[in-house]
Each structure stands twice: as structure tokens, then as C-alpha cells.
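The values are calculated or read from the model by the stated rules, or taken from the named source; none is laboratory data. Remember, it's a predicted structure, so these values are computed and weren't measured experimentally. Using ideal geometry, Cβ is built from the backbone for each residue, glycine included, and neighbour counts are taken over all protein chains shown. All accessible areas refer to the heavy atoms of the entire protein, side chains included, with ligands and DNA or RNA removed. Shrake-Rupley method; radii C 1.70, N 1.55, O 1.52, S 1.80 Å.
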Amino acid sequence: MRMIGQLDGEAKARTFSDYLYVQGIENQIEADKGNSWAVWIHAEEELERARSLLAQFLEKPTDPKFGSSASAANELREKKKQEQAAYEKRVKERRQLFKPMAAYGFGPVTFALIFISVAVFIFTYTQGSRMLDMLRISQVDIGNANDISLWRGLLERLSLFSQVLPEVRHGEVWRLITPIFVHFSFLHIFFNMLWLRDLGSMIEGRQSSLFLLIFVVAVAAVSNVAEYFVLGGGGFGGMSGVVYGLLGYAWIRGRLDPGSGLYLTNYTVWMMIIWFFVCLIGIMGPVANTCHAAGLLMGMAWGFLASLRRR
């Protein structure tokens, strides 16, 4: 919420609050120092319009258009109350099914990502590699990073950009995203899904399902392309790049913008960072470390920029 200004006296504050509500701007008023009342609005995108209406009210508070809003506001509130009661009755069973599974609820996008990942894992485990070939970012290798120096290899691959990702360049753009649904062992998918459930549910519950969907698609595409260029081929998969992106976003956004409602304990952050370096030094075998790094950095940058905008 954002405070747009203060008014002298409760009567004026309630009159203006009713007017804002009739204009479709959710708000609330609070007693401040002395006889002053603060006016808060709920939606960030309504900030400028609400300030403009406040300026009009301060200029001419006796205008009939402001005084006639009380009855209309009461009717709207009663109607909304009835609609909310009907909605809660319709979704009662759904809430009972999903709400207990995570502290922030189990959002539809988080649930869909987990469902698809598990379905792909079961299908590929039972049907072989044909499904994997369709979901990998590319079936064309562009050189092994172990055979040449990393930076020289990257430069050579960038110079041959017109020859890489041939499937994507010919319209199979889903390959930029679908490697996140590929997992190679039970433990691989189990831990990824646990982290996705917690982090995805928190961000989806505090932001929106649309935001989480856009975030996952963007981080998946960037981290998958980065891993492809470093690895030199499409033999990788997993949700961990997205998971590290969610971690980086929630970590930085929560630290810089506490009002976002996002919060991670120091224990959680340190555990994920330690695991990042454990994978990086090779103890766990072949791991898509570039996906981890790209996802984490992108999530942190996104969280930082989002906190700047809010502040």
C-alpha cells in the first residue's frame, strides 16, 4: 500500500475515501497525529490517479460529486461482500485441497510446473529417450568445453551463431524452456520439486500467477541458453536453474523491499549457496552449474530492480 496524503478531520477523510472507492480505487484511512487522517491506497498502479483526485478534493472539498459518494460506496461494499461470500463458498473445497500443502497456498502455476515435471519424468523413465530428444534445447553439439579453453570455446561458438540451436531457429522455440522439465534421477526431481513448491508458492502467493509464469519462462530461457553455450550441447536438464532464480529473486527483493512479503531465512540462503559450490567443484558429478549461476544472477538482478521500482 501507498499513502497518498493526509486530510484534516475524520469526516473529510471518510468522504474522500468513499469517493475513491466509487472510482474503483481500493483504499483505507488511518488516524494520524492530532486531527490528521492518512489516506492509503492498495494498488500501486492507481497511485497517480489517486493523487490527482486528492488534489481536486483539497481544492474544492464541498463539491457535490464528493459528498454524494457515501451511499454509492455503501452499496458497492455490500455488493462486493456478497460476491466475496459466494466466491469463498465455491472455492472452499479447492482451498482445503491445496492450502495445507504450503505456507502460502499452492498456486496453479506452481502446481502445473510440478505436475508437468513429474509427468515428463515418469514418461521418459518408461518410454525411453524419444521424449528427451523432443525436450532438449538442441540435439546438435557445438564442441566440448573440456577440449578447449572455456573462453576460447565460447567465442568460437558465438562466432558460429548462425549454426547453433538449429531446431529453435527453425521454429521449435519451446526447446528454450522444456529442458527444465527433464530430470535424470528420483533424487534430482524430488529435491527440485520441494524447492519449487516452497519458493514458487511464496512468490506466486505474494506476487501473482502471471508474474511467476513470466519469471519462470524468462529465467528458464536465459539459463538454458547459457548452459548450452558453455556445455557445448543439449545433454542437460532440470528445474534447478529456475529454482536458483526464484531463490535469488526472493532473497534480494525480500532484503531490499520488506513490504513485498518475501522472506528467506539466513539458513535457507546459506544452504543453497553452499550446495551451489558443492556442485560447482564436481563432488556431485556432472551438474548444470551454468544454469545455476545464470538463474541465481538473473533472479538477484530482477529482485534488485523490482525493489528499486517499489521504493
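Worth pointing out:
- Extreme residue, modelled with the lowest pLDDT, among residues of the stretch 251-278 that are closer than 17 Å to Leu194 by Cβ and in contact with a helix residue (DSSP H, G or I) (Cβ under 6 Å, 6 or more places away or on another chain): Phe276
- Filter pass, Ile203 being assigned to a helix (DSSP H, G or I) and either under 20 Å from Asp133 (Cα atoms) or open to solvent by 70 Å² or more (accessible area, probe 1.4 Å) (or both): no
- The stretch 104-126 - residue that is without any contact (Cβ under 8 Å) to a residue 40 or more places away in the chain and more than 20 Å from Phe215 (Cα to Cα) and, of those, surrounded by the fewest Cβ atoms within 10 Å (Cβ to Cβ): Thr126
- Applying a threshold of 8 Å to beta carbon distances and a minimum spacing of six or more residues, or different chains, the list of pairs starting in the stretch 275-294 at a residue that is closer than 15 Å to Leu246 by Cα and ending at one that is of a type in the set (Phe, Trp, Tyr) and open to solvent by 20 Å² or more (accessible area, probe 1.4 Å) reads His292/Phe276; Ala293/Phe276.
- Test: residue in the stretch 288-310 that is open to solvent by less than 80 Å² (accessible area, probe 1.4 Å) and not in a helix (DSSP H, G or I): yes
- Flag if Gly237 is of a type in the set (Gly, Ala, Ser), touching a residue at least 40 places away in the same chain (Cβ under 8 Å), within 22 Å of Asp133 (Cα to Cα) and out of contact with any strand residue (DSSP E or B) (no Cβ under 9 Å at 6 or more places or on another chain): yes
- Looking only at the stretch 59-103, and only at residues there that are open to solvent by 80 Å² or more (accessible area, probe 1.4 Å) and part of a loop (DSSP other than H, G, I, E, B), the one that is modelled with the highest pLDDT: Lys60
- Note on the stretch 174-200: among residues that are aliphatic (A, V, I, L, M), at pLDDT 90 or above and part of a helix (DSSP H, G or I), the one that is most open to solvent (accessible area, probe 1.4 Å) is Leu194.
- Screening Trp275 with (1) assigned to a helix (DSSP H, G or I); (2) more than 21 Å from Val216 (Cβ to Cβ) gives one miss only, at (2).
So that you can scan it fast, the table gives a plain yes or no per residue for (1) among the small types (Gly, Ala, Ser); (2) farther than 23 Å from Val120 by Cβ; (3) out of contact with any Lys or Arg (no Cβ under 6 Å at 6 or more places or on another chain):
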site	(1), (2), (3)
Ala220	yes, no, yes
Phe229	no, yes, no
Leu247	no, no, yes
Thr268	no, yes, yes
Met271	no, yes, yes
Leu280	no, yes, yes
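- Single match in Asp18, Asp32 (criterion: among the acidic types (Asp, Glu), modelled with pLDDT of 90 or more and either closer than 15 Å to Ala73 by Cα or open to solvent by less than 70 Å² (accessible area, probe 1.4 Å) (or both)): Asp18
- Subset tally (residues that are open to solvent by 60 Å² or more (accessible area, probe 1.4 Å) and polar (S, T, N, Q)) for the stretch 35-51: 1
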